[in-house]
1. What number of residues in the stretch B:58-87 are without any contact (Cβ under 8 Å) to a residue 60 or more places away in the chain and closer than 17 Å to A:P43 by Cβ?
2. Determine if the stretch A:31-49 includes at least one residue that is more than 11 Å from chain B (Cβ to nearest Cβ) and among the polar types (S, T, N, Q).
3. Yes or no: the stretch B:86-107 includes at least one residue that is more than 14 Å from every other protein chain (Cβ to nearest Cβ), surrounded by 13 or more Cβ atoms within 10 Å (Cβ to Cβ) and under 15 Å from the mean Cα position of the chain (by Cα).
4. Do you know which of the residues in the stretch A:1-13 that are within 12 Å of chain B (Cβ to nearest Cβ) and either small (G, A, S) or surrounded by 21 or more Cβ atoms within 10 Å (Cβ to Cβ) (or both) is farthest from the chain's Cα centre (by Cα)?
5. Kindly check whether there is at least one residue in the stretch B:17-37 that is farther than 30 Å from A:N10 by Cα, more than 14 Å from chain A (Cβ to nearest Cβ), surrounded by fewer than 20 Cβ atoms within 10 Å (Cβ to Cβ) and of a type in the set (F, W, Y).
6. A:G16 - would you say it is modelled with pLDDT of 95 or more and either exposed (fewer than 14 other Cβ atoms within 10 Å of the Cβ) or in contact with a His (Cβ under 6 Å, 6 or more places away or on another chain) (or both)?
7. Hey, any hits in the stretch B:68-84 for a residue that's within 14 Å of another protein chain (Cβ to nearest Cβ) and either part of a strand (DSSP E or B) or crowded, with 16+ Cβ neighbours inside 10 Å (or both)?
8. Tell me the residue from B:K57, B:K3 that is within 22 Å of A:D103 (Cβ to Cβ) and loosely packed, with under 12 Cβ neighbours inside 10 Å, please.
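The values are calculated or read from the model by the stated rules, or taken from the named source; none is laboratory data. Note that the structure is a prediction, hence the values are computed from the model and not measured. Ideal geometry is used to build each Cβ from the backbone, glycine not excepted, and the neighbour counts take in all protein chains shown.
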Amino acid sequence: GAGVSQTPSNKVTEKGKYVELRCDPISGHTALYWYRQSLGQGPEFLIYFQGTGAADDSGLPNDRFFAVRPEGSVSTLKIQRTERGDSAVYLCASSLTGGASTDTQYFGPGTRLTVL
Amino acid sequence: EDKVVQSPLSLVVHEGDTVTLNCSYEVTNFRSLLWYKQEKKAPTFLFMLTSSGIEKKSGRLSSILDKKELFSILNITATQTGDSAVYLCAATNSNSGYALNFGKGTSLLVTP
């Protein structure tokens, strides 16, 4: 079946602009995760959704970052007033049930965000 | 603060060589350790380890966890150019079992 998909694959924006990044998880997966990967680093956890609700948003760096998942499927990561330091690859993952650490997370190809 | 450290950070080998990648961790209430392979952008799942001393194997790849010494190794035998990738190690804890805490990765290049 289809894996996790993310759009756009690349996004270039100017400092101060607003961006939205979309994630379409594997069908039937209730848990969804966002990570951010800077150059030369491993991915860093941002937020975890269980169904429609954000169960843990402790990784969001500040209040310019927000994510939603209104129908428990597709999720959108929203970044306001972008800064050059936000440039990174934003990865989305989904898993079948979430919560338990035995639940494998499957990653999408990511969105490379460049803030000029 | 939880920490995952991988070594080496990069490695160049010839096709046919065997490589060992290392991952050490300091995680409060450790729960599991995972290995992913990242080519281009999407990390793909390789192994999840929760018990010490039990080797997990998939083809030419194998991995084992030592919960006493707090490390894991990933072995790749008879390497091929298609094994070239960044190998990521991640740990989870019991408090937030879902949040993967990644190391910086080991960049492996297999030359013909």
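1. Number satisfying all stated conditions: 2.
2. no
3. As a first pass, look at the stretch B:86-107 and keep what is more than 14 Å from every other protein chain (Cβ to nearest Cβ): none.
Checking the stretch B:86-107: not a single residue is more than 14 Å from every other protein chain (Cβ to nearest Cβ), surrounded by 13 or more Cβ atoms within 10 Å (Cβ to Cβ) and under 15 Å from the mean Cα position of the chain (by Cα).
4. Of the residues in the stretch A:1-13, the ones within 12 Å of chain B (Cβ to nearest Cβ) are A:3-6, A:9-10.
Applying the additional criterion that residues be either small (G, A, S) or surrounded by 21 or more Cβ atoms within 10 Å (Cβ to Cβ) (or both) yields A:3-6, A:9.
Values: A:G3: 15, A:V4: 11, A:S5: 11, A:Q6: 9, A:S9: 12 Å.
Across the stretch A:1-13, the extreme among qualifying residues is A:G3.
5. no
6. On the way: modelled with pLDDT of 95 or more: yes; either exposed (fewer than 14 other Cβ atoms within 10 Å of the Cβ) or in contact with a His (Cβ under 6 Å, 6 or more places away or on another chain) (or both): yes.
Yes.
7. No: the stretch B:68-84 contains no residue that is within 14 Å of another protein chain (Cβ to nearest Cβ) and either part of a strand (DSSP E or B) or crowded, with 16+ Cβ neighbours inside 10 Å (or both).
8. Values: B:K3 fails: within 22 Å of A:D103 (Cβ to Cβ).
Criteria check complete, one pass: B:K57.
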